[in-house]
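Enquirer: Just passing along the structure, written as structure tokens.
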Amino acid sequence: MSKLAVYALGGNALQTPDGDKEETASVLAKVMSDVVDLLEMDWGVVVTHGNGPQVGHFLALDRDQSHGLDAWVAATQGTIGHQLSLHLQSILERRRRPERTVVVLTHTEVDADDVGFSLPTKPVGPVLDAATVMSADWDIAQTIHGARRVVASPAPVRVVEIDVIRHLVSLQAVVICGGGGGIPIVSGDGFARGVPAVVDKDLFSSCLASDLNADALIISTGADAIYSNFGTEHQVAHRTLSVENLLALEKEGHFPPGSMGPKVRALREFVSRSEKKSILCCPGEVLRALRGESGTTVTSA
């Protein structure tokens, strides 16, 4: 293994908010292709994933609120990690590759006083119909897919299992971890407890990539590039951006907090901390993105 990449995929790659199974299967196949392509280029890979649609589904079923949100984040780590691991391991075995997959139940420490607890922005669950929007006692926001429930999303402070993940990487395992941004916990008086939140998986992935001294953070998403003035007649796709230029676009308000905002922040913060590169691209485009032919590459200068 000559280089290490943290590859972050969204929960919508595993289950779209509108429930399109064919689209989900197609995107997942492209994700698997990206991971295998990186391995065949002699990169080590750590995979992280979102859980927005899935954790929202569990929340909707748990009408008597018998489990906390942190418990459902843990549950989706298990179910999604199981799915990804089986899928990828079967491909690796067919290709006679030596790597093995491992799923790590991951906790993320957050600050109990984080402003994210008072300003919910993280979309979870399916697109809501008008009747649900009017009747549900939830925080709801408009997203690019439609109206969705939103929950608290504090920033990650520490990846609790970082030493375990680092050791597994040294054994050349393909580590699947940090599902849904990790199970959010706060610490105090010598004890840790789960809290009702979902940590943004891209901000978690940026933190993880820095701690692992990774050579690249790759965010795999539905957007084919970072755009300024997105959705207008003046939109511009950027193939390369410096940290300075990206920060300027952020300050101008080009990236909404509930969608592209955390991704852009994650890409920028990783490069600022590591002086290495980060990439945003569509699933299936990782090789072209590494060559600068697709997606957006963020660099230190």
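Read-outs throughout are calculated quantities, based only on the coordinates presented, and are distinct from any laboratory measurement. Since the structure is predicted, the reported quantities are computational estimates derived from the model, not experimental observations. FYI the Cβ positions are ideal-geometry reconstructions off the backbone, even for glycines, and counts take in every protein chain you see.
Enquirer: Among the lysines, which fall within straight-line cross-link reach of LYS30, defined as a Cα-Cα distance under 17 Å, with same-chain neighbours fewer than 8 residues apart omitted?
Expert: LYS21
Enquirer: Further question on the same structure: Answer rounded, prolate or oblate for the stretch 49-153, using the Cα gyration tensor with square roots of eigenvalues a ≥ b ≥ c: rounded when a/c is under 1.5, else prolate when a/b is larger than b/c, else oblate.
Expert: prolate
Enquirer: Below 8 Å, C-alpha to C-alpha, sequence gap of six or more: please give me the relative contact order for the chain in percent.
Expert: Relative contact order of the chain: 21 percent.
Enquirer: For the residues MET134, MET260, what sequence is obtained by ranking on other C-beta atoms within 10 Å, fewest first?
Expert: Placing the least packed residue first, the sequence is MET134, MET260.
Enquirer: From the square roots a ≥ b ≥ c of the eigenvalues of the alpha-carbon gyration tensor of the stretch 194-301, which class results: rounded (a/c under 1.5), prolate (a/b over b/c), or oblate?
Expert: Note, shape of the stretch 194-301 comes out rounded.
Enquirer: I would also like to ask the following. Taking the DSSP beta bridges in the chain as the whole, what percent of them are antiparallel, to the nearest 5?
Expert: So the antiparallel bridges in the chain amount to around 40 percent.
Enquirer: Between the DSSP loop rule and a limit of at most 11 other Cβ atoms within 10 Å, which GluC sites (Glu not before Pro) in the stretch 212-278 are left?
Expert: Values: sites: GLU233, GLU244, GLU250, GLU252, GLU269, GLU275; in loops: GLU233, GLU252, GLU275.
Sites meeting the loop and neighbour criteria: GLU233, GLU252, GLU275.
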